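Here's the structure we're looking at; comments come further down.
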Amino acid sequence: MELWGGRFRESSDQRLADFTRSIELDSALAEDDLVGSIAHVHGLAGAGLLTAAEATAIVAGLQDLRAEVAAGSIAWDPDLEDVHLNLEAALAVRIGPLAAKLHTGRSRNDQVATDLRLWARRAVTRLDESIVGMERALVGLAEREGEAILPGTTHIQPAQPILFGHHLLAYVEMLERDRGRLVDARRRFNVSPLGSGALAGAGYPLDRAATATELGFDGPSANSLDAVSDRDFVVEILAAVALGMVHLSRLAEELTWWSNPRFGFVRLSDAFSTGSSMMPNKKNPDPAELVRGRAGRVIGALAGMLAMLKGLPLAYQRDLQEDKAPLFESVATYAASLGILAGLLDDLGVDRARMRAAADEGFITATAVADELVRRGVSFRVAHQIVGRLVAEAEAAGTGLADLDDATFRDALAGCDDPAARALAGEPPTPRLLRAAAGVEAALASCDVVGGTAPTRVAAAIATARQRLGV
Ligand code: ARG
C-alpha cells in the first residue's frame, strides 16, 4: 500500500501507478528535496516536534542520502511514484521508524514547490554562466574579425555598410537583456513555500523565516494557497528562455545564409558541420538549424505551461506536476544551444573579401551621400531625390555611385548651390565631395554616434563589452 493509502481498501491499478508516476523526471530534484528536508527537520526541532537527538539522526540519514544522490548510487523505485516518496522510503531503510517523523507539518505540495524553486535557482545560475560564455564567444569573434565590412540589410535588401563587429555586438546586447530577465525572475521566485503545508499553512509553530534563511531564500512566502499553487516562476523562466532561444535562432538563421556559398561570408569548421549520407559534396550547418528548430519547441513549452495553468482553481492541482518536463527540457535545450553556438563561433572562419565585395553591391552608401548633401546645406528630402536619381543612373550604367562622371553629378546637383545654404555649410556640394562620401569606409565612419557603426564607436563598444565580461 502506498504511503498515502491509509484510507484505501484496495491496492491501486497498475495503470494508475504508471500514469501518475513522475520519478523519471523529478529525480532531478533529489538534491533540492534533501536540502529542503534538512531545513524542515531543523524547523521541526525548533518547534519542539523533534528532540535534538532525533533531529541529528534524521539529518545524518538525509546527508547520507545526499552523498548517494551525488554519487548516482540511489536506485529509484518506480512503484514509489515520485522523488519525495522515494527519498522518504530510502530514509526509512537507513534510519528506521524515526523517518516517519520527517513529513510532519509538510505536504508534498509545499515540498515540491520548495524543491522546484531551489532547482530553478541553480538552473538560473548555470544559465547565466552559459550566456556569459556565449557573449564571450561573440566578443571574441568581434575582436578577431570585427573590422570586416558587411552589407547591412533591412527587408533582406542591401541597406547600409556596417562592421561585422557591430553586427555581433547587437547579439551581445540581446544576451545581456536575456541575463537580466533571469535575474528579474529570480528576484521574485526566491521565496520559501516551506511551511505552507498542503494549502492552509502548517499546523505547528514552524519558524518559516528561519527555514527560508537556511535555504537561501529571501523570506517565507506570504500566502499558503499561493505558495503551493504558484508556478509563475516557471512561466517567467520559460519566457526568458524562449526569448533567449529566439535570439539564438536569429543568429543561427544568419549563419545558415552566410555559410551558403552564394554569400560565402563565413565558413563553419568541420568540427561544427555535418555531412550528407547521400551527397558527398555537402557541408551542412546542422547545429545552427537545430538551435533554430529547438527554439520552436521551447516556445511551445511556454505556451503549454500557460495553457496548463489557466484553468486551475486554488490551490494545488495535480496538473502542476506537468510543469517539470517543459521546464527541465527547455533549460537543458537553452544551455546546450548556448554551448554549441559558442563553440561554433570560436571556430568560425570569416571571409572578409567576400563580405567587402558584397558591400560594393546595392548602392549601400546612398544614404551617406545624401547625408553629405545635407551637410552642404541641402534639405534631406531634396538630397534623397538627388541621390535617388544618381542611384538610377548608376544602376542603368552598371556602375557604382562613385564611378559616375562629373557631368552626371553636376546635372543632379543643378540648383543646389543657394547662398543661404552656403552661409550655413561653407563649401557647396561638388562631385569630388560626393564621390568621397560614396566610399564604403567613409560611409561607415560617418555613423559616428553613440551606438553607431563607426569603427571608433565599435572599438569602444567591444572594449566596454570586454570589461563587462571580464575578458
Ligand atoms: N509529484 C508531484 C508534483 O510534482 C508532487 C506533489 C504531489 N502532491 C499530491 N498531493 N499528489 O506535483
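The values are calculated or read from the model by the stated rules, or taken from the named source; none is laboratory data. Being a predicted model, the structure only gives us computed values, none of them experimental. Here Cβ is always computed from backbone atoms with ideal geometry, including for glycine, and neighbour counts include all displayed protein chains.
In region 193-208, the residues that are under 17 Å from D115 (Cα atoms) reach residues that are basic (K, R) and surrounded by 17 or more Cβ atoms within 10 Å (Cβ to Cβ) with C-beta atoms within less than 6 angstrom, at least six apart or across chains, in these pairs: G195/R208.
If you check L44, L91, L29, L50 for being touching a Phe, Trp or Tyr at 6+ places or on another chain (Cβ under 9 Å), of a type outside the set (V, I, T), farther than 24 Å from A120 by Cα and buried (at least 17 other Cβ atoms within 10 Å of the Cβ), only one passes: L44.
So for region 54-67 (the condition being under 29 Å from R15 (Cα atoms), of a type outside the set (D, E, K, R) and either part of a helix (DSSP H, G or I) or within 14 Å of the ligand (Cβ to nearest atom) (or both)), does at least one residue qualify?
Step one: list which residues in region 54-67 are under 29 Å from R15 (Cα atoms), which gives none.
Within region 54-67, none of the residues are under 29 Å from R15 (Cα atoms), of a type outside the set (D, E, K, R) and either part of a helix (DSSP H, G or I) or within 14 Å of the ligand (Cβ to nearest atom) (or both).
Of the helices (runs of 4 or more DSSP H) entirely within region 153-263, those holding at least 3 residues that are within 22 Å of M308 (Cα to Cα) occupy 164-189, 224-229, 232-258.
The set of residues from region 21-39 being within 15 Å of the ligand (Cβ to nearest atom) and assigned to a helix (DSSP H, G or I) comprises I23, E24, L25, D26, S27, A28, L29, A30, D32, D33, G36, S37. Return a yes/no flag: does region 97-107 have any residue that is within 34 Å of the chain's Cα centre (by Cα), at pLDDT 95 or above, small (G, A, S) and not in a helix (DSSP H, G or I). Yes, some residue in region 97-107 is within 34 Å of the chain's Cα centre (by Cα), at pLDDT 95 or above, small (G, A, S) and not in a helix (DSSP H, G or I). Quick check on S446: is it among the hydroxyl-bearing types (S, T, Y) and without any contact (Cβ under 8 Å) to a residue 24 or more places away in the chain? Considered against the rule, which asks whether it is among the hydroxyl-bearing types (S, T, Y) and without any contact (Cβ under 8 Å) to a residue 24 or more places away in the chain, S446 comes out as no. Do you know which residues across region 264-281 are out of contact with any Lys or Arg (no Cβ under 6 Å at 6 or more places or on another chain) and either closer than 15 Å to E254 by Cβ or not in a loop (DSSP other than H, G, I, E, B) (or both)? Residues satisfying the conditions are V266, R267, L268, D270, A271, F272, T274.
Touching a residue at least 40 places away in the same chain (Cβ under 8 Å), farther than 30 Å from W258 by Cα and crowded, with 19+ Cβ neighbours inside 10 Å: is that true of E427 in this structure? Steps first, please.
Details: touching a residue at least 40 places away in the same chain (Cβ under 8 Å): yes; farther than 30 Å from W258 by Cα: yes; crowded, with 19+ Cβ neighbours inside 10 Å: no.
No: the conditions fail for E427.
Name the residue that is farthest from the ligand (Cβ to nearest atom), counting only residues in region 75-89 that are part of a loop (DSSP other than H, G, I, E, B) and over 18 Å from G61 (Cα atoms). Per the criteria, the residue is D77.
Inspection of region 109-126 finds no residue satisfying the criterion of being closer than 30 Å to T365 by Cβ and crowded, with 21+ Cβ neighbours inside 10 Å.
Does A17 qualify as being over 32 Å from the mean Cα position of the chain (by Cα), at pLDDT 95 or above and surrounded by fewer than 16 Cβ atoms within 10 Å (Cβ to Cβ)? Criteria not met by A17. Annotation note: Cβ proximity below 7 Å between a residue of region 377-400 that is over 15 Å from T365 (Cβ atoms) and a residue that is surrounded by 19 or more Cβ atoms within 10 Å (Cβ to Cβ) and of a type in the set (G, A, S) (sequence gap 6+ or interchain) occurs for F380/A370; R389/A412.
The lone criterion from (1) closer than 28 Å to E147 by Cα; (2) surrounded by 18 or more Cβ atoms within 10 Å (Cβ to Cβ) left unmet by A445 is number (2). Per this entry, W4 is not counted among residues that are outside any helix (DSSP H, G or I), in contact with a helix residue (DSSP H, G or I) (Cβ under 7 Å, 6 or more places away or on another chain) and either farther than 14 Å from K101 by Cβ or β-branched (V, I, T) (or both).
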